[in-house]
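Heads up, the thing below is written out as structure tokens.
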Amino acid sequence: MSLEEAVEVIESGQTFLLTCHVLPDPDAIGSMLGLSAVLKTLGKEVVLYNRDPIPETVAFLTGVEEIRPSIPPGMRFDATLITDTAARNLLPRAFPPKPISGPRVIIDHHVAHDEFGDVVVRDVNACATATVVVDLARALGVNPLPPEAAQPLYTAMVADTGGFRYAGTTPDTLRLGAELLDVGVDPWRVASNVFESWPMERLRLLGFAINAIETEFTGRVAILCVPRAMILRAGATERMVEGMVEYGRMIKGVEVSVMLWERKPRSDETDYGQLITRLSLRSAGKVDVSEVAVAVGGGGHRAAAGATLSYDLRAARERVLEEVGKALGFRES
Ligand SMILES: [Mn+2]
């Protein structure tokens, strides 16, 4: 971790671009908003940018309306701070070049397979990028955190730990959570938005997906396949599929939950075919699913990983199960 370098970049600059990976999740957004509030406390100017829509689950966060889908033309930044992003290809292809962005500072907690950025603050043991932002805030002398930073950072921690349940939850995680509540965060407002604000269409889609769950490898692997027709039948959207992989892991005896869903390629993915398949993986603890994800071109953590495959659903299922089999210790004959 080069916290000191990041501190130096921030202290010596005045205007910063803050961004995070495409299709942002609550940790990416919450970390960005928390960092923004910290920088404002220091009298810095910030522009918040993400090309993609903000997830409904974090629409309640203070300051979320400041995130813009494009960068104001003509602006130049002293540095660009990028949260929760482990690889260059998780940023839009049309990312501002160095003369505009300035040095790029990565603030992240993923295992990186494609290290990019001029300064990297990476803590792979952190339960969320949000806690790395807190480390940075303290190194910058911002302590205690302002309430505008505490709310999004707490939300990011809650989301990435599944409500302080996952294996990455440590005594320090809970101590920091408590500190953020001390600053005035409303825990139920956060939890109800993050976990219990589903549109009816999403719940209907979950019903269809659960009905179609299959198991393989003598019940050790659950597979949820969500073809585009299923999403349309539920009246849902592609984004609503996210997170449903966790239901496969609820089955007793399942060690790996695999979810595959079809998604229309975006305009900057024209090198892919008609549909591309998204893969989401969850481990119950024994299997390192990031190995499976990396083998098919993705990444992630030991317990949660994912990838985008340029195969159709059927071919993707076959390819992924081959890798899951290897991870479980099955050898091909
Ligand atoms: Mn995260």
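The values are calculated or read from the model by the stated rules, or taken from the named source; none is laboratory data. Just so it is clear, the structure is predicted and the values come from calculations on it, not from any experiment. All Cβ positions, even for glycine, are placed from backbone atoms using ideal geometry, and neighbour counts span all protein chains on display. With ligands, DNA and RNA removed, areas are computed over all heavy atoms of the protein, side chains included. Shrake-Rupley method; radii C 1.70, N 1.55, O 1.52, S 1.80 Å.
The residues on offer are LEU17, LEU23, LEU39, LEU35, and the sole one that is within 15 Å of the ligand (Cβ to nearest atom) and crowded, with 20+ Cβ neighbours inside 10 Å is LEU35. For the stretch 93-152, filtered to residues that are open to solvent by less than 20 Å² (accessible area, probe 1.4 Å) and in a strand (DSSP E or B), the residue that is farthest from the ligand (Cβ to nearest atom) is VAL119.
Does at least one position in the stretch 56-76 carry a residue that is within 16 Å of the ligand (Cβ to nearest atom), open to solvent by 20 Å² or more (accessible area, probe 1.4 Å), among the hydroxyl-bearing types (Ser, Thr, Tyr) and not assigned by TED's automatic domain parsing to the domain that holds ARG278?
Within the stretch 56-76, the first condition is being within 16 Å of the ligand (Cβ to nearest atom), and the residues that meet it are 57-58, 61.
Checking which are open to solvent by 20 Å² or more (accessible area, probe 1.4 Å) leaves us with 57.
Pick out the ones that are also among the hydroxyl-bearing types (Ser, Thr, Tyr) and you get 57.
Cutting the leftovers down to not assigned by TED's automatic domain parsing to the domain that holds ARG278 gives us 57.
For the stretch 56-76, residues within 16 Å of the ligand (Cβ to nearest atom), open to solvent by 20 Å² or more (accessible area, probe 1.4 Å), among the hydroxyl-bearing types (Ser, Thr, Tyr) and not assigned by TED's automatic domain parsing to the domain that holds ARG278: present.
A count restricted to the stretch 280-311 and to residues that are within 17 Å of VAL241 (Cα to Cα) and either open to solvent by 20 Å² or more (accessible area, probe 1.4 Å) or without any contact (Cβ under 8 Å) to a residue 24 or more places away in the chain (or both) stands at 3.
Note on the stretch 183-276: enclosed strands (runs of 3 or more DSSP E) holding 2 or more residues that are under 20 Å from the mean Cα position of the chain (by Cα) are 256-263.
Give me a count of the residues in the stretch 163-182 that are β-branched (Val, Ile, Thr) and not in a helix (DSSP H, G or I).
Just the residues of the stretch 163-182 that are β-branched (Val, Ile, Thr), to begin with: 169-170, 173.
Next, from what is left, pick out any that are not in a helix (DSSP H, G or I): 169-170.
Qualifying residue count, the stretch 163-182: 2.
Apart from one condition, THR218 fits all of (1) assigned by TED's automatic domain parsing to the domain that holds ASP288; (2) touching a helix residue (DSSP H, G or I) at 6+ places or on another chain (Cβ under 8 Å); (3) open to solvent by 70 Å² or more (accessible area, probe 1.4 Å); the exception is (2).
Of the candidates VAL320, VAL287, VAL324, VAL294, the single residue that is part of a loop (DSSP other than H, G, I, E, B) and either modelled with pLDDT of 95 or more or within 19 Å of HIS109 (Cβ to Cβ) (or both) is VAL287.
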